[in-house]
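Structure record follows, encoded as structure tokens.
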């Protein structure tokens, strides 16, 4: 059954079909309304899902609000959600097109990262210790890629949550390249300088050294490391349990302790406050950890070294200092994409060449 009504120069079309909800939409012309009716009826005959008028009005702001209420995202995810809301908040989800998404990615990749300075208004006061006004940086491919997948996640989650169809624009517009390599490999003298720079921090000097030790020996991601509870630490078997809910890959895994890590965790357990459940309560999240680590890196004079490079250092040592197979190393590091892990395999080849001559 189809019905078309005109009121004040606007045309409201209504389509009813047994077993389906009533679909309604309003247009500026009778021709647009008639075309919508034809398209809607054809979709229903093919058994395809059609969005209702209410669903067509769901904006990214609505979707993000629903997501936050039902999924309780972490601070790192909220940061990316804020970026999506700032750029697309008032846009109806079904109205985001492939050209719009492609233009957003292009523009984002060419946006200057805002420099941080001290002072309430950002204009006065003492400069932030990491501020370098002479150096301008663009947002990295990795950063833009994460926002891209946040947009995809919100659209797919909300369309499923509220049961309405969306176009697969992500099959058309791809994220920035996955071939994002960090070839920065820490040397032992540089690691010594990092440890020495920890002594210059105002607080948590010992905890900084403990956190750095664990990250460079275990290959744990920063989020996984900061989420560790003492119930995850099994000193008797020298194993660290990474719960699936805190793992990036959402898969449980066990990470063996090296002797230095075992001794460090044993000491921290003896020194911890009685009611403290977290192994590293000094940092609220990985963003706070990485930001403060920049001060240590600057004091150590190591340029663009990042916290995640500690994981690169640990995985490299697993290849160079052990005879474990790639799959065994992946089980420890939590790599699910063997292509990503394969870039480390050339290290063993270089070591073999050195032994031949």
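The numbers here are math on the coordinates, done by the rules we state, and not lab data. Worth saying up front: this structure is predicted, and the values here are computed from it rather than measured. Reconstructed Cβ throughout: ideal geometry from the backbone, glycine too, with neighbour counts over all protein chains shown.
Quick one: check the C-alpha center-to-center distance for region 220-252 versus region 20-46, whole angstrom.
52 Å
Neighbouring Cβ atoms within 10 Å as the yardstick, rank 185, 109, 214 fewest first.
In order of increasing Cβ crowding within 10 Å: 185, 109, 214.
Would you mind ranking 85, 234 by Cβ crowding within 10 Å, fewest neighbours first?
Sorted ascending by nearby Cβ count, the order is 234, 85.
Could you give the distance between the Cα centres of region 269-305 and region 61-87, to the whole Å?
Centre-to-centre distance over Cα atoms comes out at 26 Å.
Rounded, prolate or oblate: which one fits region 188-356, using the alpha carbon gyration tensor with axes a ≥ b ≥ c (rounded when a/c is under 1.5, else prolate when a/b beats b/c, else oblate)? Let's see the in-between values first.
Working: a/c = 1.73, a/b = 1.22, b/c = 1.42.
Oblate is the answer for region 188-356, as a/c is 1.5 or above yet b/c matches or exceeds a/b.
Neighbour counts of other C-beta atoms within 10 Å: give me 230, 36 arranged from fewest to most.
230, 36
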